[in-house]
1. Kindly check whether there is at least one residue in the stretch 53-61 that is closer than 23 Å to residue 253 by Cβ and more than 10 Å from ligand 1 (Cβ to nearest atom).
2. Return the only residue of 20, 83, 65, 47 being away from ligand 2 (no atom under 16 Å from the Cβ), within 16 Å of the chain's Cα centre (by Cα) and of a type outside the set (Phe, Trp, Tyr).
3. Counting only residues that are farther than 19 Å from residue 206 by Cβ and of a type outside the set (Gly, Ala, Ser), how many does the stretch 269-309 have?
4. When you scan the stretch 263-282, do you find a residue that is modelled with pLDDT of 95 or more, of a type in the set (Val, Ile, Thr) and open to solvent by less than 50 Å² (accessible area, probe 1.4 Å), even just one?
5. Would you be able to tell me the number of residues in the stretch 5-19 that are within 17 Å of residue 85 (Cα to Cα) and in a helix (DSSP H, G or I)?
6. Taking the stretch 230-244, which residues are farther than 21 Å from residue 298 by Cα and within 13 Å of ligand 1 (Cβ to nearest atom)?
7. Kindly indicate whether residue 227 is open to solvent by less than 10 Å² (accessible area, probe 1.4 Å), away from ligand 1 (no atom under 16 Å from the Cβ) and either in contact with a Cys (Cβ under 7 Å, 6 or more places away or on another chain) or assigned to a loop (DSSP other than H, G, I, E, B) (or both).
8. Among the residues of the stretch 276-319, what is the count of those that are part of a helix (DSSP H, G or I) and more than 22 Å from residue 239 (Cα to Cα)?
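The values are calculated or read from the model by the stated rules, or taken from the named source; none is laboratory data. The model shown is predicted, which means the values in this text are computed figures rather than measured ones. FYI the Cβ positions are ideal-geometry reconstructions off the backbone, even for glycines, and counts take in every protein chain you see. Remember, those area values only see protein heavy atoms, side chains included, never the ligands or the DNA or RNA. Shrake-Rupley method; radii C 1.70, N 1.55, O 1.52, S 1.80 Å.
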Amino acid sequence: MRVLVTGGAGYIGSHTLIELMAQGHAVCVLDNYKNATPAVLQRVRALSNGTMTDYAGDVRDGAMLDKVMTTFKPDAVVHFAGLKAVGESAEKPLDYYDVNVGGTLAVLQAMDRAGCRRIIFSSSATVYGEPVYLPYDEDHPTRPTSVYGQTKLAAEHILTGWTKANPDAAAVILRYFNPVGAHHSARIGEDPRDTPNNLMPFIAQVAIGKRDALTIFGDDYDTPDGTGLRDYIHVVDLARAHVAALDYAARTNGAGIFNIGTGQSYSVRDMVSAFSRACGRDIAVKVASRRAGDIAAMQADASRARHAMGWTATHTLEDMTASTWAWQSANPNGYQTETDTSKITP
Ligand code: NAD
Ligand code: UD1
């Protein structure tokens, strides 16, 4: 298939490009480099034999989308482009609605104009909110507690409405759990700007000596060791879920919602111990109070994705920590270790 990948230079997008090209799909990236650098695509090209074109542009720009649609003529869109920081979403709610909801609307409108009828959408397990039961299945109530989560849920509703109005259309909504890890080549990985919000990149920066200690946000949860439990998923497994979703979208119509996780959960202390084994170093930790908005535990029931799309995660916790460490140690400053100095400050 010919696949337009919005936000393809980002963390999950870049890994997905590699998996798509490995399966023979032709890809085209549209990214405004708000949270990425063009150097990512150079590295993706070096790791792949496939066909890839790219455009620098914004998903809210209808004229740019029309240009990409008429030039590339995609059969499907994988829509990653978006803003993802929960804390920031409370400070800049309009930006989050504009990019995450407005961007999705603009993409669908451009698809309508071009007659493109298949889309895969990056949603998040955060749409569920406080668990009523665990593991979450896709029928669990959706009560997101952050603006970020609300924008993802709003976009899901738009996609569902679009497929109802267009019986020949397919939207596959993937609710990601906690993506971690890096490509086995150690050439692409997660490269957070500023202080990492998420656990794994923070631990990796402690291990490499960029930060003194990990702050554990609460060890008084009702969990076996008191720290938060999460369903961490290797980014390559997540990337492959998009390939499976495209195959699924090619043979179905309507909207499908799928949890993308492993179905296993690990605590913060489990992750610290596993990372310490992977890098052969101690990871200093200090315990602080709970982070506002955090929940004790999250875990996916990923059986729907297995049954309907034939997708299942195969990477282990060791794969997650070892690949993160390989990426972090080979690229202590992320993509800026390259001659590239084009990291654009938003
Ligand atoms: P990322 O920030 O690395 O990638 C997003 C990409 O979109 C970046 O390359 C950025 O430059 C681009 N972008 C942002 N706004 C844009 C715009 N207006 N027009 C064009 N490009 C734009 O994030 P990621 O971790 O790869 O996440 C990808 C998607 O998955 C996001 O939609 C995110 O909300 C969702 N998601 C991520 C996680 C996670 O933990 N990483 C979890 C659940 C869902
Ligand atoms: C966060 C987002 C969520 C998003 C997910 C994956 C919040 C409130 N939620 O969830 O919307 O879908 O990332 O990108 O931000 N932790 C520490 N110290 C740290 C960082 C994290 O102890 O420095 C703990 C957290 O309390 C949590 C676990 O590690 O128990 C995982 O945290 P994180 O990686 O931020 O993911 P989530 O909180 O699950």
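1. Checked the stretch 53-61: no residue is closer than 23 Å to residue 253 by Cβ and more than 10 Å from ligand 1 (Cβ to nearest atom).
2. Just one listed residue meets the conditions, 20.
3. 10
4. Yes, there is a match, as at least one residue in the stretch 263-282 is modelled with pLDDT of 95 or more, of a type in the set (Val, Ile, Thr) and open to solvent by less than 50 Å² (accessible area, probe 1.4 Å).
5. Of the residues in the stretch 5-19, 3 are within 17 Å of residue 85 (Cα to Cα) and in a helix (DSSP H, G or I).
6. If the condition is that a residue be farther than 21 Å from residue 298 by Cα and within 13 Å of ligand 1 (Cβ to nearest atom), then 242 is the only one that fits.
7. Details: open to solvent by less than 10 Å² (accessible area, probe 1.4 Å): yes; away from ligand 1 (no atom under 16 Å from the Cβ): yes; either in contact with a Cys (Cβ under 7 Å, 6 or more places away or on another chain) or assigned to a loop (DSSP other than H, G, I, E, B) (or both): yes.
Here the answer is yes, as residue 227 does meet what is asked.
8. 4
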